[in-house]
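Okay, structure first, notes after.
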Amino acid sequence: MITAAYCQEKPENHLVKNVSGTLTSMDAVGNVFSIRTGDQRQMAFFVPDKAIITQDTHNIGLMDIGEASAVTIQYYVSPAAKNTIVSIVDNESVVNE
């Protein structure tokens with residue numbers, strides 16, 4: 001049950017990092033989110049249930065992030081060497097006219 005122990009980690013116990021990029025794939029079942037950074041690195045992240053996901057000033061769900069969206073991610077590296085998301089900001093503007 002690595003997942004259960006993994007989910008109990010607290011981000012305040014780790015160095016939180018920031019990265020921006022473009023969404024390249026999302027596996028909602030496995031809670032895995034992948035981006036391509038500005039320097040063309042591909043990065044994968046685990047998205048725990050407690051991750052904060054926003055667009056503008058509104059909370060949204062993981063599935064609300066559009067394909068190829070520009071995102072900014074706060075994450076930490078867990079002891080299992082997995083990038084774990086603390087928060088995702090969907091930088092795509094919502095235009096309601």
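Look at the range 55-81: where a residue is within 13 Å of F45 (Cα to Cα) and a partner is part of a helix (DSSP H, G or I), sitting 6+ places away or on another chain with Cβ atoms under 8 Å, you get Y76/P11; S78/Y6; A80/I2; A80/Y6.
Among the strands (runs of 3 or more DSSP E) confined to the range 46-97, the ones with at least 2 residues that are aromatic (F, W, Y), in contact with a helix residue (DSSP H, G or I) (Cβ under 9 Å, 6 or more places away or on another chain) and closer than 18 Å to H14 by Cβ are located at 70-77. Selection within the range 26-45: residues that are over 13 Å from D90 (Cβ atoms), at pLDDT below 95 and in a strand (DSSP E or B). The member of this set that is most open to solvent (accessible area, probe 1.4 Å) is D27.
Put simply, of D90, D64, D56, D49 the only residue that is surrounded by 12 or more Cβ atoms within 10 Å (Cβ to Cβ) and farther than 12 Å from T22 by Cα is D64.
The values are calculated or read from the model by the stated rules, or taken from the named source; none is laboratory data. From a predicted model like this one, the values you see are computed outputs, not experimental measurements. With ideal geometry, Cβ positions are generated from the backbone for all residues, glycine too; neighbour counts draw on all protein chains shown. The protein model used for the area step is the full one, side chains on, heavy atoms only, and it has no ligands, DNA or RNA in it. Shrake-Rupley method; radii C 1.70, N 1.55, O 1.52, S 1.80 Å.
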